[in-house]
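Below you will find the structure I want to go over with you.
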Amino acid sequence: VYAELLRRALPDIRAGRSSLRLAQATRFLWKDYLPGFLFWEVADTARKLLLTSAILFVDTEAGSRKLLRLCLAILVTTLYLSALCLARPYAMVTDLYLACMSNAMLICCFVSGVVIKVCEEHDCFGIIGLFGDAATAISVVAGVSVLMIVLVCVTIIRQGLSSAGMQQTIRL
């Protein structure tokens, strides 16, 4: 639906007539992106749906007990992060930084899930070489997650304080 709405509004958006009804109604889909990447939100939404819904249909019998779903999630997120870094579709560089950081955090979470899964079912130290048991692995993963959240918050605050325009946006 997003793609079709954007396709219909595209002539008006490209002509700079964003005040017309359809272009204005779809503004939330394209306003944050550079002109050549007006359909990026469609790709991002497809990635989100893939990671949150479609991946549940992979190995429906025993998928929650195996690593295949996590490996697919890592693959999808890594490919998307690579495309994001190469394409640089955002109009504001701070949006790009936040998108890259959030995808890097997702990859860390998925890799952490693999570590926890391996440590729950096997000899953690023998396979991974870092942790003695699952409890230690979970503690380290929780610590790393908190550290990532703190780093993202510090980055957001730093970006907000470094540019006057961002202060206005954050306040709104």
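The values are calculated or read from the model by the stated rules, or taken from the named source; none is laboratory data. If you're wondering where the values come from, they're calculated on a predicted model, not measured in any experiment. So basically every Cβ, Gly included, is an ideal-geometry build from the backbone, and we count neighbours across all protein chains shown. Just so you know, the surface numbers come from the protein's heavy atoms only, side chains and all, with ligands and any DNA or RNA stripped out. Shrake-Rupley method; radii C 1.70, N 1.55, O 1.52, S 1.80 Å.
Over the chain, calculate the relative contact order: mean separation of alpha carbon pairs under 8 Å at least 6 apart, over the residue count, as a percent.
Relative contact order for the chain comes out at 14 percent.
Something else about it: What FRET efficiency would be calculated for the residue pair Leu20, Ile107, taking the C-beta separation as r and a Förster radius of 45 Å, to the nearest 0.05?
Result of the calculation: an efficiency of 0.65.
Between [x] -0.45, -1.00, -1.08; [y] -0.32, -0.87, -0.98; [z] -0.27, -0.81, -0.93, which matches log10 I(q)/I(0) by the Debye sum over Cα atoms at q = 0.09, 0.15, 0.16 Å⁻¹ calculated for the structure shown?
Label of the calculated value: [x].
Once you have the Cα-Cα distance between Thr155 and Leu56, take 0.36 nm times their residue separation minus that, and quote the gain in nm to one decimal. Write down the numbers at each step before the final one.
On the way: separation 99, 0.36 × 99 = 35.64 nm, distance 3.28 nm.
Gain on extension, Thr155 to Leu56, equals 32.4 nm.
Rank these by accessible area, largest first, 1.4 Å probe: Ile156, Ile107.
Heavy-atom accessible area, descending, gives Ile156, Ile107.
Could I ask something else about it? Sequence neighbours fewer than 8 away in the same chain don't count; with that in mind, list the lysines whose C-alpha is under 25 Å from Lys66.
Excluding near neighbours in sequence, the set is Lys48, Lys117.
Something else about it: Using alpha carbons only, how many degrees (0 to 90, rounded to 10) separate the axis of helix 93-121 from the longest principal axis of the chain?
20 degrees
Kindly point out, ordered by number, any Cys in the chain whose beta-carbon has no other cysteine beta-carbon under 4.7 Å away.
Cysteines of the chain left without a disulfide-compatible partner: Cys71, Cys85, Cys100, Cys108, Cys109, Cys153.
So how do Val1, Val114 rank on accessible area, 1.4 Å probe, biggest first, that is with the largest at the start?
Val1, Val114
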